[in-house]
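See structure below.
The values are calculated or read from the model by the stated rules, or taken from the named source; none is laboratory data. Since this is a predicted model, take the numbers as computed values, not measurements. Glycine gets a Cβ as well: all are built from the backbone with ideal geometry, and neighbour counts include every protein chain shown. Quick note on the areas: whole protein, heavy atoms, side chains included, nothing else; ligands and nucleic acids left out. Shrake-Rupley method; radii C 1.70, N 1.55, O 1.52, S 1.80 Å.
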Amino acid sequence: MDVASENIQQQPSVSSLDLSDRQAKKPKFNNNLAEDTMEDISANKREILSLFTAYRDSLDSHHDQRERVIKCSRDITALSKKIVFSLLRITQVPANSVFRDAEKLHKQVLDLFRKISVELQGSNSLKYNRQATPGLQ
């Protein structure tokens, strides 16, 4: 038993080695260096935030314009269907009132085409062609 107890006493414990190694490897920071680094990080953060704000604004304007084109296209489709169905009722209702209603709806459709044509000027016609096509059909 004496030999076993001597071996145990001669070997240093694992936990005491780990603590001394950790303390030796622990980096020592210069406080001035850390403050400079924090200022650089905050400057970089401001630059990145300003870039992402610009990207966000660009995407928001794109989605808003896209939604306006989609809404105009849907309104044109709905009004066109109303015109067609009102013209199909000529046999049931006097023709003069049907034509007056159809002319009013046709003016609304033309106004929507003017509105959508402004949105589709220049390169936007290529961007939003897919959203405007159902209204044109």
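Overview of results
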{"item": "Residue list for segment 59-81, filter: open to solvent by 90 Å² or more (accessible area, probe 1.4 Å) and either within 25 Å of the chain's Cα centre (by Cα) or at pLDDT below 90 (or both)", "result": "Leu59, His63, Glu67, Arg68, Lys71, Arg74"}
{"item": "Any hit, segment 100-112, residues being in contact (Cβ under 8 Å) with a residue 40 or more places away in the chain and on the phi < 0 side of the Ramachandran plot", "result": "yes"}
{"item": "Complete set of residues in segment 96-129 that are assigned to a loop (DSSP other than H, G, I, E, B) and either among the β-branched types (Val, Ile, Thr) or at pLDDT 80 or above (or both)", "result": "Leu120, Gln121"}
{"item": "Qualifying position, being open to solvent by 50 Å² or more (accessible area, probe 1.4 Å) and over 28 Å from the mean Cα position of the chain (by Cα), among Val118, Val84, Val109", "result": "Val84"}
{"item": "Failed condition for Val93, given (1) open to solvent by less than 90 Å² (accessible area, probe 1.4 Å); (2) in a helix (DSSP H, G or I)", "result": "(2)"}
{"item": "Check on Ala132, of a type in the set (Gly, Ala, Ser), under 36 Å from the mean Cα position of the chain (by Cα), at pLDDT 85 or above and in a helix (DSSP H, G or I)", "result": "no"}
